[in-house]
Amino acid sequence: MRVWARWAALGLAGAIACTPDPPGAGTSSGTDERPTHHAPRGSAVGLPAVAHANDRDTLLGASGTLRAALARILADDVDPWRPEARVLVQNDAWGLWQRLSGLETAANDASLRRLAARVVRHLALPADRLAALAPAGPPLPEHLGPAEGWTELEAELPVLSHERAFGLRRLFRVLLAGPEGPAGPPRRALTSQLVAIDAEGKAHLTRLPGELEQLRFEGDTLVLARVHELDREALLAGSPPLRAAERIAHVPGLGANAFLFALDPPEPVADLPCARCHDDGTMMTLPTTRYAPGHRFPPLLAQASEEARAIFAEARAEP
């Protein structure tokens, strides 16, 4: 089996989405109960970092902070928000709803989850406005350098482990570049894009990036590994939304519903044994030319839409 083909199986094995330690986080959990909502009314505001926690004690221990943040967004006029900001915050509130749905339901859990559902619906854009954020051609984040030479391939599996980890709120793409050799193309990248729910409860893939991971090989030797993670504050401010990571706290990224592993303390990207995971000979081949890029996405978006309808139904329900 070709080395590059085994490398792409990281989407199944969960080995590539190396996640940087969030700013201000002292541990691999990356949670922080400090509210971040000091912007004037009508200005886009995100959820506090604790909203991305994926364990019951942390989430429910911060329920007061979360309720205040969600209520602040519900009370806001979100029409002036940039569409990109609405997609981002909706995606995060959607993830909070998913993680709360996985907890043992109690009255307090259910009311907090319903509040998250209301925020998801409150931030939903009409389908025609989301159309302006649809991907246009292969995803080539600026951090990849010149577009020439990069090729997107579809994966053989219907859903990748990282897509499951994010509850289908992000969909992933595989990109390869460089001349074919015994070890495959020397440059390889994995990137994700955020999924948004429109005002009718239908899921759409957007061009907004979630993360970018790059590897460069010389033969079988890994000579470069880079990770760029979603910078939520930058996206809300209208700045480039990806930032380079120096240390990795957990895999996959901040906002995932589950981590495959955590690193405490976080480790430098350069020290991670990326090649050992990405070229594991036991992994199955994933890149394929049998299907056009994006072939997997319609059924995944249909699943996301089914969940979106459940969220909207809960949002409309009486307390």
Notebook entry, point to check: What's the local net charge at residue 309, with K and R +1, D and E -1, over the other residues with C-beta under 13 Å away?
Noted result: -2
Note to self: List the residues, sorted by chain then number, that are 5 or more residues from residue 231 or on another chain and whose placed amide H is less than 5 Å from its amide H.
What the structure shows: 242, 243
Item checked: Built amide H within the under 5 Å cut-off of residue 194, gap 5+ -> 206, 208, 210
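Sort 169-176, 203-210, 129-136 by packing, meaning the average of other beta carbons within 10 Å per residue, with the highest value first.
Working: 169-176: 24.1, 203-210: 21.9, 129-136: 14.4.
Highest to lowest by the protection proxy: 169-176, 203-210, 129-136.
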Next item on the list: Could you work out how far apart the two model spin labels at residue 82 and residue 310 are, taking each label as a point 7 Å from the Cα in the direction of the beta carbon, and quote it in nm?
Entry: 3.3 nm
Next item on the list: At 7 Å along the Cα-to-beta-carbon direction for both residue 129 and residue 237, put a label point, then send me their distance in nm to one decimal.
Entry: 2.4 nm
Next item on the list: For the range 61-73, just list the computed ³J(HN,Hα) in residue order, Karplus coefficients 6.51, -1.76 and 1.60, θ = phi - 60°, integers in Hz, with x standing in for Gly and Pro.
Entry: x, 10, 4, x, 4, 5, 4, 5, 5, 5, 5, 4, 5
Next item on the list: Enumerate the amide H contacts of residue 249 below 5 Å, restricted to partners 5 or more residues apart or on another chain; note that Pro and chain-start residues carry no placed amide H.
Entry: 19, 21
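Readers should treat all values here as calculations from the given coordinates under stated rules, not as data from a laboratory. Given the structure is predicted, the values throughout are model-derived calculations rather than measurements. Don't worry about glycine lacking a Cβ; one is built from the backbone with ideal geometry, like all the others, and counts go over all protein chains shown.
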